[in-house]
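Participant: Below: one structure in structure tokens.
What follows draws every value from the coordinates through simple rules; no lab data is involved. What you see is a predicted model; the values in this text were computed from it and never measured. Don't worry about glycine lacking a Cβ; one is built from the backbone with ideal geometry, like all the others, and counts go over all protein chains shown.
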Ligand code: IMP
């Protein structure tokens, strides 16, 4: 049995798309299990750049089955748009290659309206969400007022739930958020069209996965966002509204907790974050700007510039523990070429104490001063390296030290955006 989960170990945008795409070669099925179209996975195949928000990154590998699990929140309009664009480019031509859980919850236009209005009202204290309605959709799921895909496909049920929800949301939008209400008819019409477009793909994906795993199929679970954005283990409240750790696979796809064999953490050779919240190793000056420019650090979903800083080993070690990582894929090592010295954060100091873990208190973490160690940099470009021995000695030293501090083997190293610009150690 081969089941692998890929998760981000930092604040998302670690380059998961590239590794899911690579690992999908070895898989039969690729599954998303949490998050929604707040994710943006950029894939470069040949000279073609594709950004996916909802459909698993495995889709560019011909013949793979892609699954959107029950833990995902689905914006049906985005799904239909993504499907149409992929089909135009010759992908997903066989309907049997995409399966969508009938238990997944929908993101509705009122979720987006609420998300945006709340952020506006928060002003400077905004979370910096992607504005895609993710938080409000998960809130409704937990409050048991959400609308699932199975409801969408049953018009009488959908109409009743939608009518009731719109009534309630319009009261909230008008009275509390000072926003205009939404029109039931317009939303209902649009969603009836979406229902017809996605109906062929909807199924009991938990049962499907059970049967396929029993039959020995290789399954890859594709995490979105990152461990520090996890609603329980991240830098709350500056997090997303789902669990992003590897443990979320079982609940978010309906497989048994003991099924996952390998847990691969995707980790950038430095640190980035979009949105607000504490970021101890952030570099606000020239180094941050240089990382942003060289690393093309702009959000794949919103285009926002990412905040950039040095590698934070405290955070990565914590993520290794929380996810039970069996290996790390290090990304964007090439971006560090020309920076000398390189800094690695090994602990924080806050309120007179030394921390080798990420404290839960946002106040403490915001005040944390990193303890750095320095390593010499290198000037040679790395994109042609295919084996560790091809790397300059200082790049190898840097990797060795990160590996030691992260207490996890680095099994893959990325030295460029293309599939082939990768060092595979195993
Ligand atoms: P939300 O998920 O749109 O509610 O946003 C909550 C926080 O998570 C914000 O800081 C976002 O910038 C961040 N976030 C959500 N999705 C991603 C992602 O895929 N990559 C990086 N950050 C993300």
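Participant: Could you tell me how far the Cα centroid of region 53-98 sits from the Cα centroid of region 159-213, in Å?
Facilitator: 19 Å
Participant: Using the Cα atoms of region 184-295 to build a convex hull, what is its mean projected area in square nanometres? Mind showing how you got there, number by number?
Facilitator: Details: hull surface 46.0 nm².
Averaging across all directions leaves 11.5 nm² for the Cα convex hull.
Participant: Something else: Once both labels are modelled 7 Å past Cα along the beta-carbon direction, what's the residue 217-residue 354 spacing in nm?
Facilitator: Rounded to a tenth, the inter-label distance reads 5.2 nm.
Participant: What do you get for Rg/Rh over region 268-424 if you use C-alpha atoms and the Kirkwood form of Rh?
Facilitator: Working: Rg = 15.4 Å, Rh = 16.2 Å.
Ratio of gyration radius to Kirkwood radius for region 268-424: 0.95.
Participant: Please build a GNM for the chain, connecting alpha carbons under 10 Å apart, and tell me which residue among 35, 223, 128 fluctuates the most.
Facilitator: Looking only at 35, 223, 128, the largest GNM fluctuation is found for 128.
Participant: Taking the chain on its own, what percent of its Cα-Cα pair distances exceed 40 Å? Please list the in-between numbers first.
Facilitator: Details: 15222 of 90525 pairs.
Above the 40 Å cut-off, the chain has 17 percent of its Cα pairs.
Participant: Shifting gears a bit: For the chain, find the longest principal axis of its Cα atoms and tell me its angle to the long axis of helix 313-323, 0 to 90°, nearest 10.
Facilitator: 50 degrees
Participant: So, one more: Sorted by packing (mean other beta-carbon atoms within 10 Å per residue), highest first, where do 343-349, 274-280, 173-179 land? Walk me through the numbers on the way to the answer.
Facilitator: Numbers: 343-349: 19.3, 274-280: 21.3, 173-179: 14.0.
Result, highest mean first: 274-280, 343-349, 173-179.
Participant: Given 4 °C and 1.567 mPa s, compute D for region 334-426 with the Stokes-Einstein relation, Rh being the Kirkwood radius over Cα pairs; round to the nearest whole µm²/s. Walk me through the numbers before you get to the answer.
Facilitator: Working: Rh = 15.0 Å.
Translational diffusion coefficient: 86 µm²/s.
Participant: Stokes-Einstein D for region 1-105 at 20 °C, 1.002 mPa s, Kirkwood Rh over Cα pairs, in µm²/s?
Facilitator: Translational diffusion coefficient: 154 µm²/s.
Participant: Continuing with this model, one more query. With springs only between Cα atoms under 10 Å apart, run a GNM on the chain and tell me which of 353, 374, 222 wobbles the most.
Facilitator: In the Gaussian network model the winner is 353.
Participant: Go ahead and set up a Gaussian network model of the chain, Cα springs under 10 Å, then flag whichever of 118, 32, 87 fluctuates most.
Facilitator: It is 87.
Participant: Describe numerically, in nm with one decimal, the distance between label points set 7 Å from Cα along Cα→Cβ at residue 362 and at residue 197.
Facilitator: Simple spin-label model gives 3.5 nm for this pair.
Participant: Residue 400 to residue 45: FRET efficiency via 1/(1 + (r/R0)^6), r the Cβ-Cβ distance, R0 30 Å, to the nearest 0.05? It would help to have the intermediate numbers written out before the result.
Facilitator: Details: r = 31 Å, r/R0 = 1.04.
In this case the efficiency is close to 0.45.
Participant: Using a Förster radius of 35 Å, what is the FRET efficiency between residue 262 and residue 96 based on their Cβ-Cβ separation? Nearest 0.05, please.
Facilitator: Values: r = 26 Å, r/R0 = 0.76.
That gives a FRET efficiency of 0.85.
Participant: Sticking with this structure for a sec: Shape verdict for region 105-197, please, from the Cα gyration tensor: rounded (a/c under 1.5), prolate (a/b greater than b/c) or oblate.
Facilitator: Judged from the Cα gyration tensor, region 105-197 comes out prolate (a/c at least 1.5, a/b above b/c).
Participant: Okay, moving on. Estimate the FRET efficiency between residue 374 and residue 126 by the formula 1/(1 + (r/R0)^6), using the beta-carbon distance for r and 51 Å for R0, to the nearest 0.05.
Facilitator: Numbers: r = 35 Å, r/R0 = 0.69.
Rounded to the nearest 0.05, the efficiency is 0.90.
Participant: Could you tell me how many degrees, from 0 to 90 and to the nearest 10, lie between the Cα long axis of helix 205-214 and the main elongation axis, the longest principal axis, of the Cα atoms of the chain?
Facilitator: Taking Cα atoms only, the helix is inclined about 50 degrees.
Participant: For 361, 101, which order do you get if you count the other beta carbons within 10 Å of each Cβ and list the fewest first?
Facilitator: Details: 361 15, 101 30.
Least to most surrounded, the residues fall as 361, 101.
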